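Asks: Please see the structure below; I have some questions.
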Amino acid sequence: MEKGFRESMRWLHTWSGLIVGWLLFAIFVTGTSSYYKNEITLWMKPEFHKSMTTNKTIEIAIDKAIENSKKATKVNISLPNSRTNLISIRTEGVTNSNSNMQKKNQNNKTQKNERQNRENPNFNMKKSASDNKGQSNAQENKQKNKNQGKRRRVPPTYFDASTGELVKEVTKTGGGNFLYRFHFELYSIPRDIARWIIGIATMSMLVAIISGIIIHKRIFKDIFTFRPKNNPRGWMDAHILPAVAALPFFIMITYSGLLLFTNTLMPWAIEAHFDDFRSYKNAMRSGNSEIKQTDNKKQISIDNPKVIVDNKRNANAQRGNRDTKQVNSKTERNANSQRGNRNTKQTNKNSQNIKSVEKTINNNVQRIMNNNLQKMLGKYPHSKNLHRIASSNAKRQIIAYKKSNLVEVEPKEKELIFSKSKLVSILEQSSKIWPENIGGFSIEKDTKNKTIKVVVSIKEASSLFNTRQRKSLVFDAKTAKLIEKTTPKTSDSIILNTSGAFRTLHEAKFADSTIRFLFFICGLSGIIISGTGLILWIEKRKKKNSEKKTKGFWLVEKLNIGTMMGLFIAIAVYFIINRVIPSDVASRENIEINAFFIAWLISYLHAFIRNTSKAWIEQLRFAAKLFIFIPILNAILVFDSFSQIFDRDMIFIYFDLFFIFMAVVFNFISSILIRKSKRKVIT
Amino acid sequence: MTIDMYFIYLGLVLLSLTLDKHYRKVVNENINKYIKRLFGIFGTLILIISLIITIKSSGLSLGLTYWVGMLVPTIVFIALVFTYKPKIIVILSVLLLLITMFL
């Protein structure tokens, strides 16, 4: 430490920024686009493009709601908003007799389950396991079943908001979800490793931010300063201006990013007391925890002593064995969950019939199978076959569970039908309370008390805490009178509230269109910072390098082009490929993703082969052409007539504007570079 | 919404004019000590008012987020104006006020 403090901080800033710089750039780009993840997915399904909000939308929604409420116990309608242009309807507890749609939905769901299984064999088990800890008595089991019902609800059906037609979801696409996943799990790297890589990158971002604040002497005096000159000073300004302007955002996003990874980076405290993060959360939510936890364990040990032994052994095992542990403990908890279901049914005195006995026997068989399986897994933790069997076992159980659920719905509830005029007046009343701020409504039937409730929920969130639920108005459907006004409860746990608030901030879950756009701009400034930071490293060493060429300089220069331009080109290709491949091709989403990575790879290759300044110009021009090509291609492929192009939902018009904006930016930069290189030739 | 945004803009412009180099670009003379203090006080005051308005209109947690979020594009915008067309900042402020009044 012979150098001064500032000097060593500058060193830290340079290297902590450079080493993960390219990764950070990719994280920023994919993360920023993830603010519009749903919109991207929507864009990537051309069949959804034609729907548009009109004056009729509410009427259509009401009609559909009434139509669906005849068949189901709960109908949930979301109206189009700034993030979607469709009416989506979810139904729960559809009666068995009348439902093609239900069957179709179930098929869909099974497919979805299968897909999830392929991605992650433990998925189903994890799901059913998640709610179990910290709950012991029948009431809590009921609660749990409710939760499970929520989680496994049928996928929504979509309706055109202007014509009321059913819009079938045809196109399978990675959509915004791929970019979103890439943002924090990269691609095709084992999940834990990928999260660690991202976590390390995030940590060095935090280091770079703090050291950056220290080395920047005049934060407030230079806050509005920008000197666009082609020297390190100019690049420095371009690096500092967005960095200082969005400094609170960067600190928030980096820190909350680290907090989101608590589970991966620092799991020990939670692991010592709970099985996983989710069970910890559930325990905290349900009030208090540890006593119930031990109760639960006791119960397990009475029922099934071997399991608890296994579990303990696993808990002591090292982190390398975590995978096995997950499977083991989850199998056990899966069995436990079935026992839970059984308990609930026992409390429900009315329905003690042969079916339930059969079910019990089935469950017992399943449990024995699970236990055996789990023993085998303990012996051979790496056997892929065993894992597959475990997952398919869980799948079967879920299907069985669903079937049993369908049978349970009583036919009596058909009598519970109410008139359209009541629903209209309910919506009118609530639009007086929240003008133009109604997100959707749901019709809930209570079969026991023979009442129908209509719950109208608000569109915009009103606080950072608990954004999963929104404020809602509860009406009695028969009299159309307001029963109560509910605000979502926040948890008592300060820890959960803090981490929840950081999570909602990071993911912009609370955001309406304005703040989402502001966050998007902040994200863009993040892209600019990581980009200019990388270029700054080059610019500062250019003079030295011209005297004596080094390999490190060359490598950084090439990686800069490949990462920055390559990523944008890859994203453009991803959008184009989505439109080009027909919707009936098998494993379509994989083709999209492959195209994305191939484009990126080619860009790297091109950068390494070509002369640096030429590679910059060529790739910039190519990217500009690709981006201007997207809206044109979209207009040609999706729309039949010319008037449709202008007469569509604003979401898609914004997309086109953004693509054109990107094209203009790339063109502008490339023209600057061309002018510069010409000037060099003259002098 | 637009009025808080304008207040943030105005506060930041006043604060930026307390800095010598920006003031010189706009008015072509060095800044007076009293004007500097006046601008500083008014700028801070207006920023505080805008913060209060935002919190009042959308709650404490969301209001703070909005306010900090709105700072970002405003700062970048003002910086770009000072770089390329520093003279128009006064006219621009009046123009933006009119726009926000009519929106």
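Asks: For peptide B:57-65, how many partner chain Cβ atoms fall within 10 Å of a residue's Cβ, on average?
Replies: Numbers: counts 0, 6, 4, 2, 9, 9, 1, 2, 13.
Per-residue shielding by partner chains comes out at 5.
Asks: Structure shown: which of A:Lys217/A:Lys540; A:Lys45/A:Lys281; A:Lys37/A:Lys453; A:Lys45/A:Lys471 lie over 24 Å apart, alpha-carbon to alpha-carbon? All intermediate terms of the calculation are to be shown ahead of the outcome.
Replies: Values: A:Lys217/A:Lys540 19 Å; A:Lys45/A:Lys281 35 Å; A:Lys37/A:Lys453 33 Å; A:Lys45/A:Lys471 31 Å.
Those over the limit are A:Lys45/A:Lys281; A:Lys37/A:Lys453; A:Lys45/A:Lys471.
Asks: Give a residue-ordered list of calculated ³J(HN,Hα) values for segment A:485-499 (Karplus: 6.51 cos²θ - 1.76 cosθ + 1.60, θ = phi - 60°; whole Hz; x for Gly, Pro).
Replies: Each residue's phi maps through the Karplus curve to give 10, 10, 10, x, 6, 9, 6, 6, 6, 5, 4, 5, 4, 4, 5 Hz.
Asks: Counting other Cβ atoms within 10 Å, which chymotrypsin sites (Phe, Trp or Tyr not before Pro) in segment A:192-225 have at most 15 and lie in a DSSP loop? It would help to have the intermediate numbers written out before the result.
Replies: On the way: sites: A:Trp196, A:Phe220, A:Phe224; in loops: A:Phe220, A:Phe224.
Passing sites in segment A:192-225 are A:Phe220.
Asks: With the contact rule set at Cα under 8 Å and sequence spacing of 6 or more, what percent relative contact order holds for segment A:425-522? Each step should come with its number before you reach the end.
Replies: On the way: 141 pairs, mean separation 20.7, N = 98.
Once divided by the residue count of segment A:425-522, the mean separation gives 21 percent.
Asks: Sort A:600-606, A:504-510, A:542-548 by packing, meaning the average of other beta carbons within 10 Å per residue, with the highest value first. Walk me through the numbers before you get to the answer.
Replies: Numbers: A:600-606: 17.6, A:504-510: 19.4, A:542-548: 9.9.
Per-residue mean Cβ counts within 10 Å order the peptides as A:504-510, A:600-606, A:542-548.
Asks: Then there is this: When ranked by the protection proxy of mean other Cβ atoms within 10 Å per residue, highest first, what sequence do the peptides B:90-101, B:62-73 form? Write down the numbers at each step before the final one.
Replies: On the way: B:90-101: 12.5, B:62-73: 21.3.
Final packing ranking: B:62-73, B:90-101.
Asks: Using amide H atoms built in the peptide plane, which far-off residues or other-chain residues are under 5 Å from A:Thr451 H to H?
Replies: Those qualifying (amide H under 5 Å, at least 5 residues apart or on another chain) are A:Asp446.
Asks: Counting only residues 5 or more places away or on other chains, whose amide H sits under 5 Å from the amide H of A:Gly439 once H atoms are built in the peptide plane?
Replies: Amide H neighbours of A:Gly439, under 5 Å, 5+ apart: A:Ser457, A:Ile458, A:Lys459.
Asks: Another question about this same structure. Apply the Karplus parameterisation 6.51 cos²θ - 1.76 cosθ + 1.60, with θ equal to phi minus 60°, to every residue of segment A:430-441 and state each ³J(HN,Hα) to the nearest whole Hz, in sequence, with x for glycine and proline.
Replies: Rounded to whole hertz, the list is 6, 6, 6, 6, 10, x, 6, 9, 9, x, x, 8.
Asks: Can you flag which of A:Lys221/A:Lys509; A:Lys168/A:Lys450; A:Lys432/A:Lys509; A:Lys50/A:Lys70; A:Lys64/A:Lys172; A:Lys549/A:Lys614 are past 24 Å Cα-Cα?
Replies: On the way: A:Lys221/A:Lys509 35 Å; A:Lys168/A:Lys450 34 Å; A:Lys432/A:Lys509 26 Å; A:Lys50/A:Lys70 28 Å; A:Lys64/A:Lys172 26 Å; A:Lys549/A:Lys614 19 Å.
As for pairs spanning more than 24 Å Cα to Cα, those are A:Lys221/A:Lys509; A:Lys168/A:Lys450; A:Lys432/A:Lys509; A:Lys50/A:Lys70; A:Lys64/A:Lys172.
Asks: Starting at the first residue of segment A:67-72, write each ³J(HN,Hα) from the Karplus equation 6.51 cos²θ - 1.76 cosθ + 1.60 with θ = phi - 60°, in whole Hz, x for Gly and Pro.
Replies: 4, 6, 6, 5, 9, 10
Asks: Another question about this same structure. In whole percent, what relative contact order does chain B give with Cα contacts below 8 Å and a gap of six or more residues? Before the final figure, lay out the partial values.
Replies: Working: 92 pairs, mean separation 36.5, N = 103.
Relative contact order, chain B: 35 percent.
Asks: Could you tell me how far the Cα centroid of segment A:1-67 sits from the Cα centroid of segment A:540-616, in Å?
Replies: 20 Å
Asks: List every residue whose amide H lies under 5 Å from the amide H of A:Leu86, counting only residues 5 or more places away in sequence or on a different chain, with H placed 1.01 Å from N in the peptide plane.
Replies: Here the answer is A:Asn81, since their amide H atoms fall under 5 Å of that of A:Leu86.
Asks: Could you count how many Lys pairs in chain B have their Cα atoms under 23 Å apart, skipping same-chain pairs fewer than 8 positions apart?
Replies: 11
Asks: Which value, in square angstrom to the nearest 100, describes the accessible area buried between chains B and A on both sides, using a 1.4 angstrom probe? Intermediate results must be reported in sequence, preceding the final value.
Replies: Numbers: alone 6780 and 36360 Å², together 41130 Å².
So the total buried area for this chain pair works out to about 2000 Å².
Asks: Now a separate question. Give the Debye-formula value of log10 I(q)/I(0) at each listed q (0.18, 0.27 Å⁻¹), with one equal scatterer per alpha carbon of segment A:586-646, two decimals each.
Replies: -0.82, -1.07
Asks: Moving on to the next point. Please name which of A:Val454, A:Val474, A:Asn437 has its Cα lying farthest along the dipole of segment A:436-562 towards the positive end, using unit charges on Cβ (Lys, Arg +1; Asp, Glu -1) and the Cα centre as origin.
Replies: With unit charges placed on the Cβ atoms, the residue in question is A:Asn437.
Asks: Could you do me a favour and compute the accessible area per residue for segment A:16-58, 1.4 Å probe, result in Å²? Before the final figure, lay out each step's value.
Replies: Working: 1450 Å² over 43 residues.
Here the per-residue accessible area is 34 Å².
Asks: Under the definition of partner shielding as Cβ atoms of other protein chains within 10 Å of a residue Cβ, what is the mean value for peptide B:17-24?
Replies: Values: counts 1, 0, 6, 1, 4, 2, 0, 0.
Shielding by partners across B:17-24 averages 2.
Asks: How many Cβ atoms of partner chains, on average, are near each residue of B:73-84 if near means within 10 Å of its Cβ? Walk me through the numbers before you get to the answer.
Replies: Working: counts 8, 1, 8, 11, 2, 4, 10, 4, 2, 3, 7, 2.
Taking all residues of B:73-84 together, the mean is 5.
Asks: Would you please classify the overall shape of segment A:506-594 from the alpha carbon gyration tensor, given that a ≥ b ≥ c denote the square roots of the eigenvalues, rounded means a/c under 1.5, and beyond that prolate means a/b larger than b/c while oblate covers the rest?
Replies: Values: a/c = 4.19, a/b = 1.48, b/c = 2.82.
Verdict is oblate for segment A:506-594.
The values are calculated or read from the model by the stated rules, or taken from the named source; none is laboratory data. Keep in mind that what you see is a predicted model, and the values were worked out from it rather than measured. Glycine gets a Cβ as well: all are built from the backbone with ideal geometry, and neighbour counts include every protein chain shown. All accessible areas refer to the heavy atoms of the entire protein, side chains included, with ligands and DNA or RNA removed. Shrake-Rupley method; radii C 1.70, N 1.55, O 1.52, S 1.80 Å.
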